[in-house]
Amino acid sequence: MKLLKFIFIIILSFLLNYSVFSDAHEASFYKKGKDKRVTCELCPNRCELQEGQRGPCRVRENRGGILYTLVYGGIVTYHNDPIEKKPLYHYLPGTYSFSIATAGCNLHCLFCQNYTISQAAPEDLPVLKVTPSAIVKTAISEKSSSIAYTYNEPIIFYEFVYDIAQSARESGLKNILVTAGYINEEPLRKLFKVIDAANVDLKGFNREYYEKVVGGDLEIVKRTLKIMKEEGVWIEITTLIVPGMNDTDEEIREMCRWIKTELGEDVPLHFSRFHPMYKLKDLPPTPTETLERMRKIAVEEGLNYVYIGNVPGSKYSNTYCPNCGKLLISRFGYLISEMNISTEGKCKFCGHVIPGIWK
């Protein structure tokens, strides 16, 4: 098995001009202090680091009074995914998004579905080194329409994301962020000058859950979503429903009311099924009935596009016209079998405008 993994890495290195080592790169958004201390100002953790110390994200380190990112140019996985996998259902449906990830994360969700990379340090994993331009060239060769920064938290490889995104835009590719939204305002606004769409994990809607299960602050994520809307980015939201933790009717109803009031009734919302993972392996998968109940509440609260994810074959992965009720997009998993939205973004049956980017 180890030999196969090694051969796999060597083949990738050859095809994409990678090496298996990643160099340190000076980080953005930090402040120097006394005695060679630094304060990272990228995310709300605002880690104060002594010389030689790393933040809990595992990828930003103080070296001689300078903060370095250890994952610039060092990816641990990549795939050419259907854009529906992000999930984005109203953004260039049927296209592919070249998706990359590094090690590390600035949150520590007990249910993390990608914990083997998000909760790892870069030296714990095989790292493939590549430049921003090489990522863009590979995406174009794969006939991708966009590049997605995903699988782990892209905020922690901020500098690499930003440089790739700039290069991608110059080549006509779109940029997609799949994120928990745990970032300070200044770097967020700068980043979203080069990002076109985002799926944001709104992991729940109570402060205690965010603090104890996610390791963050709900109010920061709410602020991030409002800033994204101000910046004109296409937004979709995913909420992973964890049995017994964030699945009360009252919490979901409050969340949906907030989304409608602050972001608008047309923001797509995805309720995703939890599978036992990481430190919550003793919990059962989310019952399908629970997800359908959550969806019913969201529709009652006036959200027009509410989906259920991680349930293959569910009719609630389809898109329906909120005006005439006709089927607009039929999906099975990540595959589209029927499309009834015009390139102008209108229902082909009644002409109702369906918000999204369709061409």
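What the table shows:
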read-out: Proportion of all alpha-carbon pairs of region 98-176 beyond 20 Å (%); value: 33 percent
read-out: Dipole of the chain, positive end: most advanced residue of ILE140, HIS352, ASN304 [Cβ charges, Cα centre]; value: ILE140
read-out: Longest to shortest principal axis, alpha-carbon extents of region 147-291, angstrom; value: 46, 33, 25
read-out: 19 Å Cα-Cα reach of LYS190 towards lysines, excluding residues that sit fewer than 8 places from it in its own chain; value: LYS31, LYS174, LYS222, LYS226, LYS229
read-out: Cα-based Rg of region 188-268 normalised by 2.2 N^0.38 Å, two decimals; value: 1.10
read-out: Only Lys, Arg (+1) and Asp, Glu (-1) charged, at Cβ; the chain dipole about Cα centre in debye; value: 520 debye
read-out: For region 230-326: relative contact order, % (alpha-carbon pairs under 8 angstrom, 6 or more apart); value: 30 percent
read-out: Qualifying lysines (Cα of each under 18 Å from Cα of LYS279; at least 8 residues distant if same chain); value: LYS203, LYS212
read-out: Region 275-359 - charge dipole about Cα centre, Lys and Arg +1 at Cβ, Asp and Glu -1, debye rounded to 20; value: 160 debye
read-out: Unit Cα scatterers, Debye sum, the chain: log10 I(q)/I(0) for q = 0.10, 0.13 Å⁻¹; value: -0.62, -1.06
read-out: Max mean-square fluctuation residue, GNM over the chain, Cα-Cα springs under 10 Å, options THR116, THR261, THR224; value: THR261
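Computed from the coordinates by the stated procedures, all read-outs in this text should not be read as laboratory data. These numbers come from a predicted model, not from an experiment. Cβ atoms come from the backbone with ideal geometry, glycine included; neighbour counts cover every protein chain shown.
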